[in-house]
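Encoded as structure tokens, the structure appears first; notes follow it.
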Amino acid sequence: FSINATSLNSFLSTLSLNSTVADVNLAVNNLITTQPYTSYPYVPTSALAGNFVNSQNDSMLIILGFSSSPNQKTIAQVESDVKNSGLQDFGTVYVTGGGVLSKDVENAFLPALEITAGPCIAVSLIIVGLLFLAPVAALIPVLLGGISVSVSLAAIYLSVVKVGHGTLTFLTPTLTILLMLGLAVDYAVLQLKRTREERQKGKSIE
């Protein structure tokens, strides 16, 4: 940083000896929001500013910090604040980051999952029903898939959120549902097929 002595003296003169931390913070915020960047008491050098402003001086990066990973409500509020800030008058503004990208992927992915989930289960029932020529047998893999999904989601939530105090993205339940349905149906069909083969050889249920 370089020191602007005139600006620094002017700023310090506005503070009294009895100023509290809140008073100082208020004065700093007021200076930042009302004074031009070049007249700040402490001006970052070009080396530091270069990490946030490009050499053509027409693009700027602003980093927002959060005490915890922002959820969809927080992201929507930030996007609304940026939209209403008037920054668009100076150029194109993008709100990005891990949380924003995750939300965008979720918005694109979940509708597709909702559309395909039903037909996939229906096709699974048809295939298994044709394989065994038994409607009841066709229901067993799907029922086991539902049980597997329920147990897995509950276990993940308890271990990650309740015990580990972590957070889950939309990918966790989505991938869990897909994997558990796939594995449960696959192994259930395999087990049913093997059981039928052994029964056809004359072996008892036991």
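What residue, of 122, 134, is modelled with pLDDT under 85, open to solvent by less than 60 Å² (accessible area, probe 1.4 Å) and farther than 30 Å from residue 107 by Cβ? Every option except 134 fails the conditions.
Return a yes/no flag: does the range 152-165 have any residue that is farther than 20 Å from residue 183 by Cα and outside any helix (DSSP H, G or I). Yes, some residue in the range 152-165 is farther than 20 Å from residue 183 by Cα and outside any helix (DSSP H, G or I).
Figure legend. Inter-residue proximity from the range 1-17: first residues part of a helix (DSSP H, G or I), second residues hydroxyl-bearing (Ser, Thr, Tyr), beta-carbon distance below 6 Å, spacing 6+ or different chains. Indicated pairs: 7/39. Report whether or not residue 152 is modelled with pLDDT of 90 or more, within 30 Å of residue 105 (Cα to Cα), open to solvent by less than 40 Å² (accessible area, probe 1.4 Å) and of a type in the set (Gly, Ala, Ser). Judged against the criteria, residue 152 is a match. I'm checking my understanding of the structure. Among residues of the range 35-47 that are free of Cβ contacts under 8 Å to residues at least 12 places away in the same chain and under 35 Å from the mean Cα position of the chain (by Cα), which one is farthest from residue 90 (Cα to Cα)? Only one residue fits best here, namely 47. Kindly indicate whether any position in the range 50-57 is in contact (Cβ under 8 Å) with a residue 12 or more places away in the chain and not in a loop (DSSP other than H, G, I, E, B). Taking every residue of the range 50-57 in turn, none turns out to be in contact (Cβ under 8 Å) with a residue 12 or more places away in the chain and not in a loop (DSSP other than H, G, I, E, B). If only residues of the range 69-82 that are open to solvent by 80 Å² or more (accessible area, probe 1.4 Å) and within 20 Å of residue 106 (Cβ to Cβ) are counted, the one that is farthest from the chain's Cα centre (by Cα) is 77.
Residue 65 meets all of the listed conditions (1) open to solvent by less than 60 Å² (accessible area, probe 1.4 Å); (2) under 30 Å from residue 175 (Cβ atoms); (3) among the small types (Gly, Ala, Ser); (4) over 15 Å from the mean Cα position of the chain (by Cα) but one, namely (1).
The values are calculated or read from the model by the stated rules, or taken from the named source; none is laboratory data. If you're wondering where the values come from, they're calculated on a predicted model, not measured in any experiment. We place every Cβ from the backbone using ideal geometry, glycine too, and count neighbours over all the protein chains shown. When the accessible area is computed, the model is the full protein with side chains, heavy atoms only, and any ligands, DNA or RNA have been set aside. Shrake-Rupley method; radii C 1.70, N 1.55, O 1.52, S 1.80 Å.
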